[in-house]
Structure formats: C-alpha cells, structure tokens
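Remarks on the structure that follows.
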Amino acid sequence: TWAIVLLVAGCGMALTEFGALSASKSAQRSQDARLSGNVAAATDAGLAATSDDPGRAEYWHQLAFAYIAARRWRDAAPALEQAVTRAPWDARNMSDLIQVELVLARAGDAGARLRALQLADEVVQVDPNYPQAQVARAIVLQFAGDAPHALQAIERAFELQPDSRSEQWYLIESQLY
C-alpha cells in the first residue's frame, strides 16, 4: 500500500510540475505574441498560463498586458487585481492597475476614479521609495485636480531618482507648475 501511495504522490508532483512548466511557456508565448502584435494569441496564451498556474502574479500581469494591447480595459483591471492580490508587495502591479483604472475613469466610470484614488495612496504605502509609485500617485492626483499633492509626489520621484531622463516625469512636473 505504501508503494501505491508513493506512486500516486509522485504522479501528483509530476502533474504539478507539468502545469507549472506549461504555464511558464504559455506566459512566454503570450508576451511574444503581444510584442509581435498578435493580441488574440497573446490573450489565449495568457488565459492558458493563468489556468495552468493561477497562483503566479506574473502570469496575471501578462494576461492584463494582452488585454491592454487589445484595448480590453474592463478585462485588464480584474487581471491586474489578481496580480496585486498574489504579490501585494510589488508596486509595479499596482501602478499598472492605476493606469487602467484611469483609462476607465476617463471613459466615465466613477468607480474606477475612486479606485484609482485609493490605489494612489496604497501604492506609496507598499513601496514609498519606488519612484514609479510616486509618479503613479502624481498622475492620479493630477487627474483628480489635486495639483499641490501631485506636485509633492512627482518631486519625491525626482528625489528618489534624480538622474531620471523620463520625459513623462518632466511633463507632469511642468504641467503642475
């Protein structure tokens, strides 16, 4: 009976490893397809990756990028929410979610506007020394009409990365001044 238990356990591990390998390959196919402009294939591969291994934030992030490439903003937001849930310490996931929420807010989604404001506070709590978190906060606050606090956030980004060559950062700062 022990031999049967070990055989079954071994098969379970092999299936788990196969799922992880399959998910990794699907995520790479999703990225490759997206970068080559094949958004349908990118979406299909992203969905396969998240089905094979739903616990990896990176796979949800890849799926969200595929949705973004297809301009499927309402699908991208929940995929990024999944990435944030699985890696709450990674401000990059949250920064990307903020951008999607702002697109939805510009299209008239009041809930997305509120979610972007909430995320703007959360992202700097997650990683206050990540310059892009400060930039994301500045963008949301600028969108919300809070120029003084947006200016503080973009100035903090420059303090954290004084050698930044980002045109976006300079544009935001000049708009706020």
Which angle from 0 to 90°, rounded to the nearest 10, does the C-alpha axis of helix 131-143 make with the longest principal axis of the chain?
60
Compute the angle between helix 39-52 and the longest alpha-carbon principal axis of the chain, please, reported from 0 to 90 degrees and rounded to the nearest 10.
60
How large is the helix-only mean residue ellipticity at 222 nm for the chain, computed as the sum of -39500 (n - 2.57) over DSSP H runs with n ≥ 4, divided by its residue count, in deg cm²/dmol to the nearest 500?
-27000 deg cm²/dmol
Answer rounded, prolate or oblate for the range 119-177, using the Cα gyration tensor with square roots of eigenvalues a ≥ b ≥ c: rounded when a/c is under 1.5, else prolate when a/b is larger than b/c, else oblate.
oblate
Lys/Arg Cβ at +1, Asp/Glu Cβ at -1, dipole of the range 65-177 taken about the Cα centre: which of GLN82, LEU119, ALA147 is farthest positive-ward?
GLN82
Share of the chain's accessible area from carbon and sulfur, percent, 1.4 Å?
57
Rounded to whole angstrom, the alpha-carbon centroid of the range 127-173 lies from that of the range 64-79 at a distance of 24
Using a Gaussian network model of the chain whose springs link C-alpha atoms within less than 10 Å, name the residue from GLN31, GLN152, GLN134 with the highest mean-square fluctuation.
GLN152
Would you mind giving the average projected area, over all directions, of the Cα convex hull of the chain in nm² with one decimal?
12.7
Roughly how many Å² is the accessible area per residue of the chain, as a whole number, for a 1.4 Å probe?
55
By the gyration tensor of its Cα atoms, with a ≥ b ≥ c the square roots of the eigenvalues, what is the shape of the range 31-118: rounded for a/c under 1.5, prolate for a/b over b/c, or oblate?
oblate
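The values are calculated or read from the model by the stated rules, or taken from the named source; none is laboratory data. Just so we're clear, the structure is a prediction, and the values are computed from it rather than from any experiment. Neighbour counts are summed over all protein chains in view; Cβ atoms, including those assigned to glycine, are modelled from backbone coordinates with ideal geometry. Side chains included, ligands, DNA and RNA excluded: accessible areas come from the protein's heavy atoms. Shrake-Rupley method; radii C 1.70, N 1.55, O 1.52, S 1.80 Å.
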